[in-house]
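A short worksheet on the structure shown next.
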Amino acid sequence: MAASTASRELFTEGVRAVLQTWPVLQIAVDNGFGGVYGQQKADWMVDVVQQYFHDNADLQQYEVEDFLSQLMDQEFDTVVEDGSLPQVSQRLLQLFSLWQQGALQQLRSTVHTLTQSKTPRAKVTAPPAQSDDEESNGETQGMECEESCPSLSTTRPPPQDEEDGWTVVRRKK
């Protein structure tokens, strides 16, 4: 196993390249899902992921997926459901395998390819805000159902602000 400091740094650069090109992480950082220190959390995540590989022998893809999913949930309040976890995990496993085999030139080439790919950063835009007229129309429209359906209230109760900052909307009975 290649254990030199320089080769370990090369693997770390590979992890950084994979995570920096992961749209889910880009979106989380760019939109403040991790709070004001989102970029620092993303940088920290690189170190944690590379250390995870070094600390655990013979990792399976599902283990890497679970680890990344847990990090995204805990640090960015994000549940990854776009199907990218298997791809990111597989890429990380491939890079680690190259590092373990001592195929440093191939690892260096792969990292270079990842860092040179100029994929545009993922952008998220909020849906257009509805006007007051559209909102009130939406509230008064009811659901059509047969007579066997229980009666439905077509007006919504006013939201209630709780002490902890959450807005709670309760259903009328």
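The values are calculated or read from the model by the stated rules, or taken from the named source; none is laboratory data. Remember, predicted model here, so these are calculated numbers, not experimental data. Every residue, glycine among them, receives a Cβ derived from its backbone with ideal geometry; neighbour counts consider all protein chains shown. Ligands, DNA and RNA are excluded from the accessible area calculation, which covers all protein heavy atoms including side chains. Shrake-Rupley method; radii C 1.70, N 1.55, O 1.52, S 1.80 Å.
Looking at the structure I just gave you, is Ala57 at pLDDT below 90 and within 19 Å of Leu98 (Cβ to Cβ)? Criteria met by Ala57.
Here Thr110 meets the list (1) open to solvent by 100 Å² or more (accessible area, probe 1.4 Å); (2) modelled with pLDDT under 90; (3) polar (S, T, N, Q); (4) outside any loop (DSSP other than H, G, I, E, B) almost entirely, failing just condition (1). Please verify whether Phe96 is farther than 15 Å from Arg8 by Cα, part of a helix (DSSP H, G or I), of a type in the set (Phe, Trp, Tyr) and touching a Phe, Trp or Tyr at 6+ places or on another chain (Cβ under 9 Å), treating the condition exactly as stated. For Phe96, the condition - farther than 15 Å from Arg8 by Cα, part of a helix (DSSP H, G or I), of a type in the set (Phe, Trp, Tyr) and touching a Phe, Trp or Tyr at 6+ places or on another chain (Cβ under 9 Å) - is not met.
The single condition among (1) open to solvent by less than 70 Å² (accessible area, probe 1.4 Å); (2) of a type in the set (A, V, I, L, M); (3) closer than 23 Å to Gln100 by Cα that Ala28 does not satisfy is (3). Among the residues making up the range 31-56, those that are polar (S, T, N, Q) and open to solvent by 50 Å² or more (accessible area, probe 1.4 Å) are Asn31, Gln39, Gln40, Gln51, Asn56.
The single condition among (1) closer than 18 Å to Phe33 by Cα; (2) open to solvent by less than 50 Å² (accessible area, probe 1.4 Å); (3) in a helix (DSSP H, G or I) that Val80 does not satisfy is (3).
In this entry, Leu59 is excluded by the filter for residues that are touching a helix residue (DSSP H, G or I) at 6+ places or on another chain (Cβ under 8 Å), assigned to a helix (DSSP H, G or I) and closer than 18 Å to Gly14 by Cα.
For the condition touching a Ser or Thr at 6+ places or on another chain (Cβ under 6 Å) and not charged (D, E, K, R), Ala57 does not qualify. Applying the condition of being surrounded by 15 or more Cβ atoms within 10 Å (Cβ to Cβ) and small (Gly, Ala, Ser) to the range 1-25 and asking which residue is farthest from Val79 (Cα to Cα) yields Ala2.
Within the range 87-99, the residues that satisfy the criterion of being touching a helix residue (DSSP H, G or I) at 6+ places or on another chain (Cβ under 9 Å) and open to solvent by 50 Å² or more (accessible area, probe 1.4 Å) are Gln90, Arg91, Gln94.
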